[in-house]
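S.K.: I'd like to ask some things about the structure below.
The values are calculated or read from the model by the stated rules, or taken from the named source; none is laboratory data. Worth saying up front: this structure is predicted, and the values here are computed from it rather than measured. Cβ placement follows ideal geometry from the backbone for every residue including glycine, while neighbour counts extend to all protein chains displayed.
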Amino acid sequence: MPVRTLIGVDFLLHERVRSGDRAAFAEIFDEHARVVHAHAVRTTGDRALAEDVVSLTFLEAWRLRDKLRDDVRSVRAWLLGIATNVMRNTARAARRHREAMSRLPPPEALPDFSDEVAGQMADAQRLAAAARALQRLKRSEREVFALVVWSDLGYAAAAEALGVPVGTVRSRLSRAREKLRGLVEEELAADPRTGGGHMSSSGTAAARASHRRGTR
C-alpha cells in the first residue's frame, strides 16, 4: 500500500478514535498491546505488574485520545511514552506500599514449596536480575535504554515519547549502555539462583542490542 494511502488510513483511524469510536480504539490496542506489554515486562521484571501497566496505559490513552492529531507522528511512541509515565507512578506507589508494609508485624512462616517451582521460576529470576540492573541506572538513562534497546524505538521516536531532544536520547543511551554491561554481571553474580555469575539470556541480548545501537 502506498505511503500516502497508509497516512490517510491512519488519519481516519485517529479521527474515529478522537470522536470516541471504541472499535477504532480496539484496532490500536490490537496492534500495539504486545509491544507495550513487552516494554513493561522488560522494565519492571514482573509479568503481572506489566499486565497492569498495559491496562493503565490504554485507559490513559483513551482519556488522552484527543491528542491523536498531527503532532503525534508515531502511535507506538506515544503509547510507550504513556507507559513510561504509568511505570513512574507505579514505582512511587510501590515504594509507599513497601514503606507501609515494613511497619506491620512479620507474617507467620509458610511451608516452603520452592523445590516444586524452581524450574518455573528460573526464567523469571533471570529477567528480574536484568531488571534490577536496569533499576540501578538513573531514571532518565533507564527510560531511554528501555525504549531504544528493548522496545526498538529509533532515536527520534524515543525523543517524541519522552519529550526530549534527540541529542539527549543519544547521550543518555550512551551512558546507560556503558553502565549496564557491568551492572547486569554484578546482579547475576550476586544471585546464586540465576547461575552465580553467568549472564542471563536477557542480559546478553540487552548488552548485544545496546552495542549494535551505539552507532545508529
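S.K.: Just the residues that are outside any helix (DSSP H, G or I) and under 17 Å from the mean Cα position of the chain (by Cα), please, taken from the range 16-64.
M.R.: Scanning the range 16-64 gives Gly45, Asp46.
S.K.: A further question on this structure: Can you name the condition, by its number, that Val54 falls short on among (1) at pLDDT 90 or above; (2) surrounded by fewer than 19 Cβ atoms within 10 Å (Cβ to Cβ); (3) within 21 Å of Val144 (Cα to Cα)?
M.R.: Here Val54 clears every test but (2).
S.K.: State which residue is surrounded by the fewest Cβ atoms within 10 Å (Cβ to Cβ) when the search covers only the range 5-24 and only residues that are at pLDDT 75 or above and among the aliphatic types (A, V, I, L, M).
M.R.: Ala23
S.K.: Which of (1) touching a Leu at 6+ places or on another chain (Cβ under 6 Å); (2) modelled with pLDDT of 85 or more; (3) within 30 Å of Arg132 (Cα to Cα) does Glu31 not meet, given it meets every other one?
M.R.: Failed condition: (1).
S.K.: What are the residues in the range 111-151 that are modelled with pLDDT of 85 or more and surrounded by fewer than 23 Cβ atoms within 10 Å (Cβ to Cβ), if any?
M.R.: Within the range 111-151, Arg136, Leu137, Lys138, Arg139, Ser140, Glu141, Arg142 qualify.
S.K.: Being at pLDDT 50 or above and outside any helix (DSSP H, G or I) is the filter here; which residues of the range 179-215 pass it?
M.R.: Hits for the range 179-215 are Asp191, Gly195, Gly196.
S.K.: May I ask you to verify whether Ala176 is under 26 Å from Val75 (Cβ atoms) and part of a helix (DSSP H, G or I)?
M.R.: yes
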